[in-house]
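Here is the structure we will look at, set down as structure tokens.
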2 protein chains.
Amino acid sequence: MQRYFIPTEQFSPHTVVISGDDAHHLTRVMRAELGEKVICCDGKGRSVLVCLTVIGKTEVEADIVEDLPITSEPVVDVWIAQSLPKGDKLETVVQKCTEVGAHRFIPFLSERTIVQYDAKKEEKRLIRWQKIAKEAAEQAHRSVVPEVDAPISWKELLKLTADVDLAILCYEKESGQHLRSVMLREAKRIGLANLHAASLVDAAGGGQRKPRILLIVGPEGGISEKEAEQAEAVGCKATGLGPRILRTETAAMTALACILYEYGEMGG
Amino acid sequence: MQRYFIPTEQFSPHTVVISGDDAHHLTRVMRAELGEKVICCDGKGRSVLVCLTVIGKTEVEADIVEDLPITSEPVVDVWIAQSLPKGDKLETVVQKCTEVGAHRFIPFLSERTIVQYDAKKEEKRLIRWQKIAKEAAEQAHRSVVPEVDAPISWKELLKLTADVDLAILCYEKESGQHLRSVMLREAKRIGLANLHAASLVDAAGGGQRKPRILLIVGPEGGISEKEAEQAEAVGCKATGLGPRILRTETAAMTALACILYEYGEMGG
């Protein structure tokens with residue numbers, strides 16, 4: 001069944017309003033008729049089955065038939081921190097990792113980032129990345145649209161590690177640890193061994209939340225030795241992804257798949 | 001260190017000849033000089049360190065200094081059978097799966113394959129796919145260039161299942177099994193539990209070979225119910241990849257990463 005992500009403010013207790021591109025897609029592309037049913041998600045975890053009641057020129061109104069159970073969201077929130085890669089590679093990362101099940105994207109700038117960062121120009125790209133995340137989430141039948149943050153500095157990224165339960169830095173070095181051993185060893189601590197009891201107390205809100213893993217991927221030229229030391233100093237686990245050298249845009253999607261596989265999320 | 005895949009016939013007992021694009025890259029792009037060392041691979045598993053002895057206009061000659069140990073090839077051969085997808089998606093599949101560690105690509109045509117197949121036109125595309133596999137293998141520091149076959153029919157693909165130790169059909173259905181449980185259950189039989197003793201006898205050659213897994217991914221519209229039944233009848237395991245719906249080109253790379261992760265190949 002067709003599904004649309006609708007801003008929260010367009011949800012009323014018993015009705016939703018579908019507007020803009022989504023209304024156009026529904027009426028012109030799908031040629032929907034009164035009484036038809038579609039799924040509307042608020043992108044934050046709520047999905048409802050709705051029945052179309054008014055089809056207008058620019059808006060569609062619909063009655064909420066029932067709240068749908070959330071079955072397509074991972075038991076763990078994985079945040080992908082990716083050093084800004086060249087060209088449109090970040091689009092690939094956002095699209096593929098949204099399909100696989102990422103929860104948030106944090107582009108960052110590091111020592112060897114090749115891309116010249118221009119905040120004004122990047123505003124347009126950020127909107128594009130967010131659009132790609134929304135479309136990939138719809139396509140993958142997710143209930144949550146991953147957030148895409150504006151690019152931050154390496155220092156700001158290191159501060160963010162305080163908000164997660166496990167931070168993995170993709171980094172190849174002699175003395176490094178490997179993804180599988182890191183996952184198995186950290187399992188108990190972050191609730192991998194006991195999934196359904198694995199909601200942690202959120203320091204900010206005081207409520208319960210899922211375990212959070214931050215996955216940090218360097219740029220084409222890699223993370224510098226100094227940066228790796230800084231990351232390890234704040235508790236990141238420098239982790240190898242095996243003997244084959246992965247392109248920067250391949251590292252995030254494959255490491256994410258492996259982490260979610262460990263949680264039984266890639267077909268448990 | 002720079003590495004080049006050189007045809008086997010350009011290897012002599014103590015020397016190699018580097019020609020064509022590789023010679024151009026070495027002399028013009030890298031501006032290599034006499035006495036410099038590079039790595040040459042035959043693409044079938046042999047890697048040697050060589051020292052440049054003659055730099056000609058179109059060819060470079062080099063002495064073999066030593067045979068290098070093979071450390072970057074997976075302990076299991078995974079064959080990716082992908083129903084021909086639209087546009088240049090197969091290029092993405094070949095590139096990403098070569099980086100991750102695939103051993104062979106088998107494009108195929110199935111009931112819902114959208115692409116009109118034209119053998120003449122496809123010849124050019126096949127050469128392009130093989131070039132992408134070679135370049136990705138070089139970039140990933142592999143010793144083996146995965147083969148890319150010319151597209152085959154669904155019937156021919158089903159026959160190929162006789163040559164592998166485990167055939168996994170990516171397929172979502174109520175009664176289906178899940179990737180992790182399939183991997184764990186099939187583990188012992190195909191040598192997962194006892195990796196280093198896991199060389200199997202090759203029916204054709206009589207020699208020892210690695211365990212072989214065939215991973216079958218359907219087209220955009222999926223595999224038909226009839227095709228799934230046919231696949232199961234020849235022993236394929238219909239396997240789900242989790243609750244999120246992956247695009248056809250995402251399924252192969254993520255399932256491959258998870259399979260190799262189970263073998264300790266994504267950072268064990």
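The values are calculated or read from the model by the stated rules, or taken from the named source; none is laboratory data. Source: prediction; values computed, not measured. With ideal geometry, Cβ positions are generated from the backbone for all residues, glycine too; neighbour counts draw on all protein chains shown.
Quick notes
- In the set (1) in contact with a helix residue (DSSP H, G or I) (Cβ under 8 Å, 6 or more places away or on another chain); (2) without any contact (Cβ under 8 Å) to a residue 12 or more places away in the chain, A:ALA102 fails one condition alone, (2).
- Among (1) closer than 17 Å to B:GLU138 by Cβ; (2) without any contact (Cβ under 8 Å) to a residue 40 or more places away in the chain; (3) among the β-branched types (Val, Ile, Thr), the one test that B:THR53 misses: (1)
- Scanning the stretch B:65-90 for residues that are surrounded by 17 or more Cβ atoms within 10 Å (Cβ to Cβ) and acidic (Asp, Glu) yields B:GLU73, B:ASP77.
- Residue check, A:LYS134 within 22 Å of A:THR248 (Cβ to Cβ) and in the same structural domain as A:MET183 (by TED's automatic domain parsing): no
- Residue match in the stretch B:235-257 (condition: among the β-branched types (Val, Ile, Thr) and within 24 Å of B:THR71 (Cβ to Cβ)): no
- Total residues in the stretch B:211-268 satisfying the condition of being on the phi < 0 side of the Ramachandran plot and outside any helix (DSSP H, G or I): the figure is 29.
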